[in-house]
Amino acid sequence: MEREEIIEAIVEHRPGVLFRVSNLIRRRNFNIETITVGRVNHETARMTMTIKGEREIIDQVINQLSKLMEVIKVRKLNQKNTVKRELALIKVKVNDNLSRSDIIHCIDVFRGQVVDVSSKSLIAEITGTPDKINAFIQLLSSYGIKEVARTGITAMERDRKLGGS
Amino acid sequence: MEKVQRTWRRIVKLFEVNSIVEELTGAEALVKALIRERVEVIFGIPGGATIPIYDYLYDVDEIRHILVRHEQCAAHMADGYARASGKTGVCMATSGPGATNLVTGIATAYMDSTPIVAITGQVPTSMIGKDAFQETDIIGITASITKHNIQPVKPEEVPLAVRKAFYIASTSRPGPVLIDMPKDVQIKKGKISFEGEIRLHSLCSNPKVDEKKVESISRILLNAETPFILAGGGVIKANASRELMKISEFLRAPVATTFMGKGGFPENHELSLGPIGMHGTYAANRLIREADVLLAVGVRFSDRTTGETESFSSNLEIIHVDIDRAEINKNVRADHSLLTDVKTGLDMLYRKLRGIGSQKNRKKWVKRVSEMKENSERIQAPPIGKINPPRLLKLLRKLLPEKAIVTTEVGQNQAWAALYFKVYHPRTFITSGGLGTMGFGFPAALGAKVAKPNEPVVDIAGDGSFLMTCQELATSVREEIPVVVVIFNNRVLGMVAQWQRLFYGRRYSQVNLGETPDFVKLAKAFGAEGIRVETYEDFKEAVKEGLRNNVTTVLDVIISPEENVFPMVPPGKSLDDMITGG
Ligand SMILES: Cc1ncc(C[n+]2csc(CCOP(=O)(O)OP(=O)(O)O)c2C)c(N)n1
């Protein structure tokens, strides 16, 4: 059964590491949907990938990645217990003052922020799950979207709740 | 839900403790580090970007440098040296074209998991990225055909890079590692120390084996009616032939090998079936269909071995023993697996099998095995030419000592050699199994001869393949590395012609090579020996002469262009669809 899984890799923070990871993914013909990278400390960085595939494929991705010398740790996240977030910047057309206030209202409802305003457009910033961002973009599309920049998913597993099982 | 998680950590000691800190150039540090790795020989060609290294090598006695005539062959020689000896082979090339010429050789070693370290020169760090003269991104180019590659950016990093390269190349599943040395790093001086340690993630030389799994797998093997063993290159790499033999004999299980595994089990043993797969023996390809449990050791289930995978694994309970986690369930789904060095895994299994003891009676199975082996001998394609390769190879076997090393090129010659030349010892059959590189056999033979100067080395070649790397005759003569080359000269790209004959209605598109060159004259032009062979009697005499000669001897063996290699499983088909030609 094909599923979308989130894979987290802790890698050495060095030039060329992103190349090695993406090169391996391309070479093995894996189907990665998103990939994000960020530094954790001066030695390590964290990569979060979403990938679609059967269980065997997901295991292959993990096993192949784990063979790269620069990969310190790689695992599949337990989705039920994972916080997923994405950030998007969206530039929306503004035709008049009325539509501007409409748009700002939408942004408020989604708990987004207006980060830039010009006479013809504004930039909204929103974070949330990919579904939420999709819905937000859908909603704004009726005003006319000029540009979208999405970061791709980053994720983190929750620890066990206090007293929980 | 099972969570897959890996946290492997290895701390590797970097050379000795209390080493003095010396003021050295990067080039000196490199060569000194190679000496510390006990490198005996480097195959290479110098160039602008490696002159500082060569300048230092000029005064070094510990390392023999063999000047080759094409860098591809430097890599193949390092590969042949490694396969014959079990040590890590070393090759060296300059930046740009020197480095790119290595690529085929590195890819060949990668596919067949041979430990080699390739050293390339690079333009100075300040020029990298500027498309400088003879700059090429060899790190990028080789990223997917090496286990790892490293570019030190200051002389102080060189000893570490070398230690890491050798450790990674030879540990766990072996493979090629490349060190790219920018020219300024070679020239600059630094305070060099050979002391310290490195942390390596992702490399587990021997993962812990789960005892419970060993027990349950043992029980499955003991209860099998018709157990079957498939042995791959991992058996040879792990020096596990003896362990394999013990298990096979204990279970009375026949052993088939992949091309890479050939030699891992003596082919004169009653339980040996020879190679399996596209060019496997009749007995191996048929008997696997009668097996109930498959013990696959040190294999990666390549498509040339399994044929179409669905039918390969149907009705077969598969146990997979391998050191590389990524091979488990990659091509064929294993019902059970042991993640371990093959030697350890087989040893643990054997002890457990003996410990439990009682097992199914396999008299009938053993009888069936010998019956099928007899059939195998009988079912043979009728010979076409005056002299034909299967018989020549059987003759060759008789003429060579047991431990003689045979290498092959690629094409019909390779398949014939795998099928009809019996191998009795590990590391005595060397072939490009994974990449199928024409031109591999001759330089690999030279590398093997350097590793084993006292064993005769024979390259079984096709005329097409030999022409791809025959310039190394010059190397062989000048460096005094005598081998015997047996060219099955059919004046065609035989294997392609065979496919065209069988599957493309005899439309022989671009396979005719014509009558040139005269291989006897070609050999002589290089100062080697050449002998034309047209009868079995000629062949016998020529091989004997070749073994006596202290210069490389090329046997130009004239065979028919119409000859086919059988048995053969058509590409993409199931092993059941084997064509025997008989
Ligand atoms: C470098 C390379 N180029 C092309 C091929 C494709 N190929 C496979 S077998 C073969 C023919 C080999 O001819 P020859 O060496 O004469 O051997 P024969 O099959 O006649 O024994 C070719 C062209 C290859 N394997 N390697």
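The figures follow:
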{"read-out": "Restricting the stretch A:52-70 to residues that are at the interface with chain B (Cβ under 7 Å from one of its Cβ atoms) and among the charged types (D, E, K, R), the residue that is surrounded by the most Cβ atoms within 10 Å (Cβ to Cβ)", "value": "A:K67"}
{"read-out": "B:R478 vs. criteria among the charged types (D, E, K, R), farther than 20 Å from B:R532 by Cα and surrounded by fewer than 24 Cβ atoms within 10 Å (Cβ to Cβ)", "value": "yes"}
{"read-out": "A:N41, sole failed condition from (1) assigned to a loop (DSSP other than H, G, I, E, B); (2) surrounded by fewer than 17 Cβ atoms within 10 Å (Cβ to Cβ); (3) within 11 Å of chain B (Cβ to nearest Cβ)", "value": "(3)"}
{"read-out": "Selection within the stretch B:461-480 - within 24 Å of B:L419 (Cβ to Cβ), out of contact with any Cys (no Cβ under 6 Å at 6 or more places or on another chain) and more than 9 Å from the ligand (Cβ to nearest atom)", "value": "none"}
{"read-out": "Selected residue (only one of B:N413, B:N489 is more than 30 Å from B:V255 (Cα to Cα) and buried (at least 22 other Cβ atoms within 10 Å of the Cβ))", "value": "B:N489"}
{"read-out": "Long-range neighbours under 9 Å by Cβ, at least six apart or interchain, first residue on the phi > 0 side of the Ramachandran plot within the stretch B:300-319, second buried (at least 24 other Cβ atoms within 10 Å of the Cβ) and assigned to a strand (DSSP E or B)", "value": "B:F301/B:L230; B:F301/B:H320"}
{"read-out": "For B:G439: the one exception among (1) away from the ligand (no atom under 11 Å from the Cβ); (2) touching a Leu at 6+ places or on another chain (Cβ under 9 Å)", "value": "(1)"}
{"read-out": "Residue that is modelled with the lowest pLDDT [pool: residues in the stretch A:71-112 that are surrounded by fewer than 20 Cβ atoms within 10 Å (Cβ to Cβ), within 10 Å of chain B (Cβ to nearest Cβ) and not in a helix (DSSP H, G or I)]", "value": "A:K73"}
{"read-out": "Test: residue in the stretch B:448-462 that is among the β-branched types (V, I, T) and within 22 Å of B:T516 (Cα to Cα)", "value": "yes"}
{"read-out": "Where A:V61 falls short, out of the listed (1) within 26 Å of B:D324 (Cα to Cα); (2) in the same structural domain as A:A149 (by TED's automatic domain parsing)", "value": "(2)"}
{"read-out": "Residues satisfying the stated conditions in the stretch B:89-124, i.e. within 16 Å of the ligand (Cβ to nearest atom) and closer than 11 Å to B:E71 by Cβ", "value": "B:T100, B:N101, B:L102, B:V103, B:T104, B:G105, B:I106"}
{"read-out": "Scan of the stretch A:13-35 for residues that are within 9 Å of chain B (Cβ to nearest Cβ) and buried (at least 17 other Cβ atoms within 10 Å of the Cβ), ordered by number", "value": "A:R20, A:L24"}
{"read-out": "Matching helices (runs of 4 or more DSSP H) fully within the stretch B:481-557 where at least 2 residues are away from the ligand (no atom under 14 Å from the Cβ)", "value": "B:519-525, B:536-548"}
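Okay, residues lined up against (1) hydrophobic (A, V, I, L, M, F, W, C); (2) surrounded by 24 or more Cβ atoms within 10 Å (Cβ to Cβ); (3) touching a Ser or Thr at 6+ places or on another chain (Cβ under 7 Å):
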residue: B:F429; (1), (2), (3): yes, yes, no
residue: B:S432; (1), (2), (3): no, yes, yes
residue: B:T437; (1), (2), (3): no, yes, yes
residue: B:G441; (1), (2), (3): no, yes, yes
residue: B:A444; (1), (2), (3): yes, yes, yes
residue: B:N454; (1), (2), (3): no, no, no
residue: B:I460; (1), (2), (3): yes, yes, yes
residue: B:L467; (1), (2), (3): yes, no, no
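The values are calculated or read from the model by the stated rules, or taken from the named source; none is laboratory data. This structure is a prediction, so every number in the text was calculated from the model and none was measured. Virtual Cβ from ideal backbone geometry, glycine too; neighbours counted across all protein chains shown.
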